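Down below is the structure, laid out as structure tokens.
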Amino acid sequence: MEQPAQAGGARPTREVVSFVRRSTRMNPGQEKAWAARERYLVDVARNETSTSIAPGTVIDWTAAFGRVAPLVVEIGSGTGDSLVAMAAADPGRDHVAFEVFRPALASTMIKLNAAGLTNVRLLDANGVEGLRELFAPGSVSELWTFFPDPWHKARHHKRRLVDAGFGALVASRLGIDGIWRIATDWADYAEHCREVLDDHPDLVNVYAGTGGFAPRLTARPVTKYERRGLAAGRKVFDLAYRRRAAQQGHA
Ligand SMILES: C[S@@+](CC[C@H](N)C(=O)[O-])C[C@H]1O[C@@H](n2cnc3c(N)ncnc32)[C@H](O)[C@@H]1O
């Protein structure tokens, strides 16, 4: 199990991470895609764990993509079904996705290769650290967390990706009017997100006036997790938060 990354004690990190690293075994197709990973994978210096990012790491996204374009960040991209479809439909923006499960990254690369996309880069790293270390405040136009691991047991709730600290981090990295999109098929996680985020001083629930949940994002394809949730009789909840301009009297 991954232990939390410590930045030499200089920078507090989450005590727990939102994932457990699973087997890295790959099928032949994934092996082949992984062998050619430099086409999509951005390599980073590590801190104490294999999914960490050394504090102070800088990535020049303009150089990485070869152009200046709005940046979309996804944390927990899984096998890339949403990422590849949505990036293909949005060629004017560049997309950076974090995923800690290497076979899933390799599957994403297979799809990226097939689609021939040039506006996607992947990182084999904890997206919480990635968002914090690799993106300047106000530099992200959109952030996606689709079907984050639900961590059902009460004693595991502290592992949930979305918490107040992560909300503050996202708010700091989004540009003014930047959007954070969340989807989950777990009602209690959806409620938890609202409890943590609805009152955040820098975030506005875009659908606060209409019940608080967003209409299903049409650009988002139905992935395995959504299908599984629906098949089990669960409802899927979409949420959208907008980064508001700094309020008067609020730093
Ligand atoms: C339930 S899956 C959903 C995958 C994808 N978003 C989808 O809808 O198909 C959650 C994924 O998030 C990844 N994950 C969890 N915490 C993460 C983190 N802090 N950084 C990067 N990936 C993470 C897990 O490895 C897993 O693949």
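Based on this model, can you work out whether A114 counts as more than 8 Å from the ligand (Cβ to nearest atom), free of Cβ contacts under 8 Å to residues at least 40 places away in the same chain and surrounded by fewer than 19 Cβ atoms within 10 Å (Cβ to Cβ)? Outline the logic, then answer.
Details: more than 8 Å from the ligand (Cβ to nearest atom): yes; free of Cβ contacts under 8 Å to residues at least 40 places away in the same chain: yes; surrounded by fewer than 19 Cβ atoms within 10 Å (Cβ to Cβ): yes.
So A114 fits the description; yes.
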**Message:** I'd like to check something: does segment 15-34 contain any residue that is aliphatic (A, V, I, L, M), within 19 Å of N119 (Cα to Cα) and more than 17 Å from the chain's Cα centre (by Cα)?
**Reply:** yes
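Taking segment 125-154 on its own, how many of its residues are in a strand (DSSP E or B) and free of Cβ contacts under 8 Å to residues at least 24 places away in the same chain? Write out each step before concluding.
Quick first cut of segment 125-154, residues in a strand (DSSP E or B) only: 140-146.
Among the residues that remain, those that are also free of Cβ contacts under 8 Å to residues at least 24 places away in the same chain are: none.
Result for segment 125-154: 0.
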**Request:** Taking A97 as the residue in question, decide whether it is in a helix (DSSP H, G or I) and among the hydrophobic types (A, V, I, L, M, F, W, C).
**Result:** no
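Yes/no per residue for (1) closer than 27 Å to Y225 by Cα; (2) touching a strand residue (DSSP E or B) at 6+ places or on another chain (Cβ under 7 Å); (3) assigned to a loop (DSSP other than H, G, I, E, B):
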| site | (1), (2), (3) |
| --- | --- |
| V20 | yes, no, yes |
| Q30 | yes, no, no |
| T49 | no, no, yes |
| I53 | no, no, yes |
| T62 | no, no, no |
| L83 | yes, yes, no |
| A87 | yes, yes, no |
| P91 | yes, no, yes |
| L105 | yes, yes, no |
**Request:** Identify the residue in segment 74-101 that is within 11 Å of the chain's Cα centre (by Cα) and among the charged types (D, E, K, R) and, among all such residues, is nearest to the ligand (Cβ to nearest atom).
**Result:** E99
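Does F166 satisfy the condition of being modelled with pLDDT of 95 or more and over 23 Å from M86 (Cα atoms)?
Details: modelled with pLDDT of 95 or more: yes; over 23 Å from M86 (Cα atoms): yes.
The answer is yes for F166.
The values are calculated or read from the model by the stated rules, or taken from the named source; none is laboratory data. The structure presented is a predicted model; accordingly, all values stated were derived computationally and were not measured. We place every Cβ from the backbone using ideal geometry, glycine too, and count neighbours over all the protein chains shown.
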